[in-house]
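Data first, discussion second: the structure below is written as structure tokens.
The values are calculated or read from the model by the stated rules, or taken from the named source; none is laboratory data. Computed from a prediction, not measured in an experiment: that's the story for all the values here. All Cβ positions, glycine included, derive from the backbone under ideal geometry; neighbour counts span all protein chains shown. Just the protein is used for accessible areas: all its heavy atoms, side chains included, with ligands, DNA and RNA removed. Shrake-Rupley method; radii C 1.70, N 1.55, O 1.52, S 1.80 Å.
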Amino acid sequence: MKSPLLSLPGAVPAEGVDEDVAGHYGDLFREQRALADGAGFVDLSHRGVVAVTGEDRLSWLHLLLTQHLTDLPVGQAAEALILSAHGHIEHALYLVDDGTTVWAHVEPGTQGALIAYLESMKFFYRVEVADRTADTAVVHLPAGSIAPVPPGVVVRETAHGRDLFLPRADLESYAGQAGPPAGILAHEALRVEQHRPRLGFETDHRTIPHELGWIGTAVHLQKGCYRGQETVARVQNLGKPPRRLVFLHLDGSEVHLPAAGTELRVADEAPDGRKIGFITTSARHHELGPVALALVKRNVPVDAPLLAGSTAAAQELVVEP
């Protein structure tokens, strides 16, 4: 859903799946610095919102998701995944329970497929699943923010800030009191700095949770069965994932950032050497300069200098080889 905040001064629409919100409002680095200092807000109103009600909601979701949810305290944030039968990541949910409803925000446009899957798994459980995207907008307040939270608004609080499930009708009025707006490019640059994966960016059709460091944060290893658990347990106990997430410091002298999908090669090998990975997200950071997240083959030496296309890149370990 296209955000009304695109009418704010300086707003420039983002691209791709984020095109319905502002990429920036005229000064990318100023917006990043404001978020890092705990000021301002990010419009995430294009994200899908799913609500699950009913007295069985937590026990039912516990059976379907990778997270332990049966005793989730009211107001405590959680991350969870839905995997395929082969353990590949299909959905990522960022959720909180308010005492009567589990609220989750998901990647733009994915809520329909998610709800279809959840509806197919209801059976005899006392639950109701609803798409609340049309009437609920997600707004992000950075860690340390003192911006007010309107009464009755559900809040999902993490170490990285607070996600507000705000009535969509109140989005414009809330923007007037929440501080300076920051575009999603600033939000993404900080996400890259924090090594946090994003569905559809760091994932492809064969990604498993171990590759991205989602074990422990979005995947609980001491819980009952869920689809794809056999793959999770087998890799955890008997092997290693085929790829690993890395953080890259890119050559700051380059004018253009390497785009998502840019092939990575070991710099010391021939120019036409083997492909060892690819860029998943690149960003310009207000302090670190050009940076990126990437997936590389597990056996690539952690100190090997890399090339992203023609751009030099130095690795920083995220997932152990």
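Scan [x] 60, 52, 29; [y] 60, 59, 40; [z] 57, 42, 33 for the value of Cα extents along the principal axes in Å calculated from this model and give just the label. Identified label for the calculated read-out: [x].
The alpha carbons of the stretch 1-97 stretch over 46, 29, 23 Å along the principal axes, in descending order. Summarising the label geometry, the points placed 7 Å from Cα in the beta-carbon direction at T158 and E55 lie 3.2 nm from one another. Please check which bits of the stretch 194-228 a label hung off Y125 would reach, taking the label as a point 7 Å along Cα-to-C-beta and the cut-off as backbone N under 20 Å. Hits in the stretch 194-228 for Y125 at 20 Å: 218-228. Checking the a/c ratio against 1.5 first, then a/b against b/c, what shape does the Cα gyration tensor give for the stretch 146-270? Taking the square roots of the gyration eigenvalues as a ≥ b ≥ c, the stretch 146-270 is oblate.
Taking 7 Å steps out from each Cα toward its Cβ at T100 and A267 produces label points 5.9 nm apart.
Averaging the Cα positions of each part gives two centres, and for the stretch 239-266 and the stretch 34-87 these lie 29 Å apart. For E90, the amide hydrogen comes within under 5 Å of the amide hydrogens of I82, L83, S84, counting only partners 5 or more places away or on other chains and with H modelled in the peptide plane. Just going by the charge dipole of the stretch 88-194, with Lys and Arg at +1 and Asp and Glu at -1 on Cβ, which of P180, A137, F124 is farthest out on the positive end? Working it through, the farthest residue towards the positive pole turns out to be F124.
Of all accessible surface on the stretch 165-321 at a 1.4 Å probe, what whole percent is carbon and sulfur?
Heavy-atom surface of the stretch 165-321 belonging to carbon and sulfur, 1.4 Å probe: 52 percent.
In this rough spin-label picture, where each label sits 7 Å from Cα along the Cβ direction, the D303-D251 distance is 2.2 nm.
When the chain is treated as a GNM, springs tying every alpha-carbon pair under 10 Å, which of E202, E31, E254 comes out with the largest mean-square fluctuation? Result: E254 has the largest fluctuation of those listed.
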